[in-house]
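Beneath this line is the structure, given in structure tokens, with notes to follow.
What follows is calculated from the coordinates using simple rules that are stated; it is not laboratory data. All values reported here derive from a predicted model rather than from experimental measurement. Here Cβ is always computed from backbone atoms with ideal geometry, including for glycine, and neighbour counts include all displayed protein chains.
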Amino acid sequence: MKLQLPVKIVFGAAAFAVTTLAAASEYGYPLPPFARAAVAVLSEVSCTNRFQHMRQLATSASQAVVRPNVDTLYSTAVIDLSHHDVVVDIPVVKGRYWVFPFYDAYGNNYANLGSIENSKAGKYSLRFNVGGKQNTGVQLCSDPEKCDGLQGYVNAPTPYGLMVIRYAVTDTVGDLQQIHALQNQSGLHTVEKGDGTTCKATAPTLTMSMLNSSLSADPAMKIMQLTARIAPHNPPRNITDLARVNHMLKESGVRDGVYKPQKGQNLTASYIASEMTMSKAASEPQNLHSLGNGWQELTPTAQGDYGENYAMREYVAYFGYLALRATEALYPSYSTGQKGLHLGPRESYIFTFPSKPPMAQYGFWSLTAYNTEEYLIPNTLNRYALSDRSNLTYADGSLVYDGNAHGDGDGNFQLLVQPADVTPQRTGCPSMRQSPSSMFS
């Protein structure tokens, strides 16, 4: 991401064009990641509203989502509510963290069903909230018998979207097989729309052609092309912003499903300007919270569900598309003022924890290394993270976690990160060794 390039200030109509087009680029920025994720799933399952189940933990070859973790198994689906509602079947899940997250076309995590919410197993109707008639999110039924056997409804702000289910994996024998059974019990199936619009489509059917046909290789142009195809049928997260967004897109050249550059526009300058705005927003205290010692995390209002905070929506689409809301997960990251950390062939990092990170019931934590493309780093040990389920020890050799993550024992412990071809010194640190000259964040 080239945020340091100088951008000339242009006056008059051209300045307005850059400002408006930059705002449109910012607004549509999450759509290429949406298209990329959707195409990857559709290439495997061939249709929308069907789960693609990941049966093994993520490796360096896993590229379905950026910044994957190795603590969970995923089940992913591309959602299309243009012609039908979708019934989501949720199995009975016990003794682990789990979540069925719902994302709109722009990456807003607008609803969650899972262990944090104490959600009940059963059927939920996922429906497009046309015109914002219902409150977006989960609408529970007090008596399922009066709701055609449904536990509730999930009102989506856009007809297109994604689901990325997470099941936390434990270190017990046979746990993957237990999760496979849960995946097999989950399901999606389409039903007639319950709002009387069965014969009236609310948007075109979401197709592979819409997502990846005749797209420019230029990232700025690709954003505008996908914005022209998708945004007219997928309103903003806050429906009250619809008129302003429609005007902005029209002035930028988005009309009739096509982007046509307007006279005097500089698409490249507008794209760079949107990234500069994003970078500035990501440094503001209302969006980023310092944890001390170089660690930082997004504030709750800037993570997962963004409302009209389009700059932070763009930021998360770039660095960690499909982040969960802060009620589900926290994403602390370490920064030295540049993107990522560099490891030379004879260098290492030691991470010191003053105590065990506090966790809620069924909670977990992990320290994971990613490369510049936000994927797991290939290494000969196939070790991508260290976590509360790793064989962590204190300096005296005793276990940090002796089978009780919430036990009384606590104290300082350290983790070592270094190239895979270097033998660890006798530091007492568990090692997460990476390939030589790797970068991680």
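Take E373, E192 and order them by how many other Cβ atoms sit within 10 Å, fewest up front.
E373, E192
Lys/Arg Cβ at +1, Asp/Glu Cβ at -1, dipole of the chain taken about the Cα centre: which of T202, H180, M221 is farthest positive-ward?
So the residue furthest toward the plus end is M221.
Taking amide H positions as placed in the peptide plane 1.01 Å from N, state which residues far from F100 in sequence (5 or more) or on other chains have amide H under 5 Å from it.
Here L113, G114 satisfy the definition.
Which is farthest toward the positive dipole end of the chain among Q361, G114, S252, measuring Cα position about the Cα centre, with Cβ charges +1 (Lys, Arg) and -1 (Asp, Glu)?
After comparing all options, I get S252.
Can you pull the semi-axes for the chain, root of five times each eigenvalue of the Cα gyration tensor, sorted largest first, whole Å?
37, 30, 18
Tell me the mean residue ellipticity at 222 nm calculated for the chain from its helices only (DSSP H runs of n ≥ 4, each -39500 (n - 2.57), averaged over every residue, nearest 500).
-7000 deg cm²/dmol
Considering only G122, G292, G137, give the residue with the highest GNM mean-square fluctuation for the chain, with springs between Cα atoms whenever their separation is below 10 Å.
Ranking G122, G292, G137 by mean-square fluctuation puts G292 first.
Mind listing the phi-derived Karplus ³J(HN,Hα) values for segment 355-364, rounded to whole Hz, using 6.51, -1.76 and 1.60 with θ = phi - 60°, and x for any glycine or proline?
For segment 355-364, the Karplus curve yields 6, 5, x, x, 9, 7, 4, 6, x, 7 Hz.
Once phi is turned into ³J(HN,Hα) by the Karplus curve 6.51 cos²θ - 1.76 cosθ + 1.60 with θ = phi - 60°, what whole-Hz value does each residue of segment 154-161 show in order, with x for glycine and proline?
Result, rounded to whole Hz: 10, 8, 8, x, 9, x, 9, x.
Averaging over every viewing direction, what projected area does the convex hull of the Cα atoms of segment 327-389 cover, in nm²?
Result: a mean projected hull area of 6.2 nm².
Report, by chain and number, residues whose modeled amide H sits under 5 Å from the one on V169, excluding near sequence neighbours (fewer than 5 apart, same chain).
For V169, whose amide H was placed from the backbone, the distant partners under 5 Å are T72, L73.
With +1 on each Lys and Arg Cβ and -1 on each Asp and Glu Cβ, how big is the dipole of the chain about its Cα centre, in debye rounded to the nearest 20?
It works out to roughly 960 debye.
Putting +1 on Lys and Arg Cβ atoms and -1 on Asp and Glu Cβ atoms, find which of L242, V78, L267 reaches farthest to the positive end of the dipole of the chain.
L267
Expected output is a single nm value to one decimal: the length gained when fully extending between R346 and N118, i.e. 0.36 nm times separation in residues minus the C-alpha distance. What is it?
77.3 nm
Could you tell me the distance between the Cα centroids of segment 70-92 and segment 249-315, to the nearest Å?
28
If Rh is defined by the Kirkwood formula over all Cα pairs and Rg also comes from Cα, what ratio Rg/Rh do you get for segment 46-191?
Here Rg/Rh amounts to 0.96.
Under 5 Å between amide H atoms, partner at least 5 residues away or on a different chain: which partners does Y331 have, H built in plane at 1.01 Å?
Under 5 Å from the amide H of Y331 lie the amide H atoms of L298, each far enough along the sequence or on another chain.
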